[in-house]
1. Under 6 Å between Cβ atoms, which residue pairs at least 6 apart in sequence (or on different chains) link something in the stretch 18-42 that is outside any helix (DSSP H, G or I) with a partner that is charged (D, E, K, R) and within 16 Å of ligand 1 (Cβ to nearest atom)?
2. Just one of H189, H176 is farther than 24 Å from S82 by Cα and within 15 Å of ligand 2 (Cβ to nearest atom); which is it?
3. If the requirement is being open to solvent by 10 Å² or more (accessible area, probe 1.4 Å), more than 23 Å from Y191 (Cβ to Cβ), in contact with a Lys or Arg (Cβ under 9 Å, 6 or more places away or on another chain) and not aromatic (F, W, Y), which of these qualifies: L244, L231?
4. Considering the stretch 1-18 alone, what residues qualify as being β-branched (V, I, T) and either open to solvent by less than 10 Å² (accessible area, probe 1.4 Å) or near ligand 2 (Cβ under 10 Å from one of its atoms) (or both)?
5. Collect the residues in the stretch 203-249 that are under 14 Å from the mean Cα position of the chain (by Cα) and farther than 20 Å from K2 by Cα, keeping them in residue-number order.
6. Within the stretch 43-61, how many residues turn out to be without any contact (Cβ under 8 Å) to a residue 12 or more places away in the chain and in contact with a Gly (Cβ under 9 Å, 6 or more places away or on another chain)?
7. Within the stretch 86-197, which helices (runs of 4 or more DSSP H) (wholly inside it) include 1 or more residues that are of a type in the set (D, E), free of Cβ contacts under 8 Å to residues at least 40 places away in the same chain and open to solvent by 80 Å² or more (accessible area, probe 1.4 Å)?
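The values are calculated or read from the model by the stated rules, or taken from the named source; none is laboratory data. The shown structure was predicted, so the numbers you read here are calculated from the model rather than taken from an experiment. In this analysis, Cβ positions are derived from the backbone assuming ideal geometry, glycine residues included, and neighbour counts consider all displayed protein chains. Calculation scope for accessible area: heavy atoms of the full protein, side chains included, ligands and nucleic acids excluded. Shrake-Rupley method; radii C 1.70, N 1.55, O 1.52, S 1.80 Å.
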Amino acid sequence: MKTALTIAGSDSSGGAGIQADIKTMTVHGVYAMSAITALTAQNTMGVQKVMEVTPEFLSQQLESVFTDIYPDAIKIGMVSSSALIEVIAEKLTFYDAKNIVVDPVMVATSGSKLINDKAIEYLKNKLFAKATLLTPNIPEAEILSGRTIKTSEDMIAAARIMSEEYGTAVLCKGGHALNEANDLFYYNHQYKWFIGERIENSNTHGTGCTLSSAITSYLAQGKDLENAIWLAKNYLSGALRAMLNLGKGSGPLKHTWNLEGGYEE
Ligand SMILES: Nc1ncnc2c1ncn2[C@@H]1O[C@H](COP(=O)(O)OP(=O)(O)O)[C@@H](O)[C@H]1O
Ligand SMILES: Cc1ncc(COP(=O)(O)O)c(N)n1
């Protein structure tokens, strides 16, 4: 069985973070493991409280995992402080980790900030160069590239800046662009659009976490990066089309749709 590790925050409402990652990896037939960076008390309406783990405890979780069941691929999500980022960067190097997808989580769909400013600098300087793929959404890509994104051309320019600066592939997700669900892939001075059909569903809590974990699952299974992105986007679209409607705010996706013979139109 292929194995994957998620290094991310826990979402008590189960739709994003570690919980979304484990569900996604599991329905892809990949053995999921976790190293938790923070506990969030969160629901579909917002993040009520965050409790970070200590750097020592994160370090121990990573050591416990890597020295026993080595992950074929790794997803990194919410990491809210510079000390935690330093620990992750050090362990990834020490254990020679491969197939690393970094989702630079900064703000929850509900609008709550999940990272501090110093940590953003550490992400850029210590973690991004180790990534196989970065998956910023538009607001995150604006912060990381220093450019405002209003058009498709802006997305290409921002992705180019990030890819060249960090020497890694970038998938700039277009879910925050009105009427679109097109994601821009940039690598080796070339770009490619991953065109998605926009699904009218306001329950999008955890879309980013789910996409990055699905990509990680496919990388663990040995798919190449572009194939992994196509397959993951297809999985995510199905999870949105299944129209689960839970909670009072922006609700979670139906992660299990692909085990249940699809969805009803
Ligand atoms: N309404 C939608 N219909 C179809 N795909 C969507 C929709 N909203 C987001 N997506 C897709 O979900 C993935 C996550 O994108 P996005 O929501 O922008 O990220 P994040 O959750 O990190 O903010 C992307 O592949 C994006 O194209
Ligand atoms: C613990 C945690 N991690 C990440 C997100 C972002 O979620 P989204 O995928 O909706 O951007 C979140 N809301 N909570």
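1. Within 6 Å, the pairs are T40/D11; Q42/D11.
2. Values: H189 fails: within 15 Å of ligand 2 (Cβ to nearest atom).
Within the list H189, H176, the selection yields H176.
3. Details: L231 fails: more than 23 Å from Y191 (Cβ to Cβ).
Selected residue: L244, the only one of L244, L231 that is open to solvent by 10 Å² or more (accessible area, probe 1.4 Å), more than 23 Å from Y191 (Cβ to Cβ), in contact with a Lys or Arg (Cβ under 9 Å, 6 or more places away or on another chain) and not aromatic (F, W, Y).
4. The initial filter retains those residues of the stretch 1-18 that are β-branched (V, I, T), namely 3, 6-7, 18.
Result: T6, I7, I18.
5. T204, H205, G206, T207, G208, K233, L236, listed by residue number.
6. 0
7. In the stretch 86-197, 117-122, 152-166 are the helices (runs of 4 or more DSSP H) which contain 1 or more residues that are of a type in the set (D, E), free of Cβ contacts under 8 Å to residues at least 40 places away in the same chain and open to solvent by 80 Å² or more (accessible area, probe 1.4 Å).
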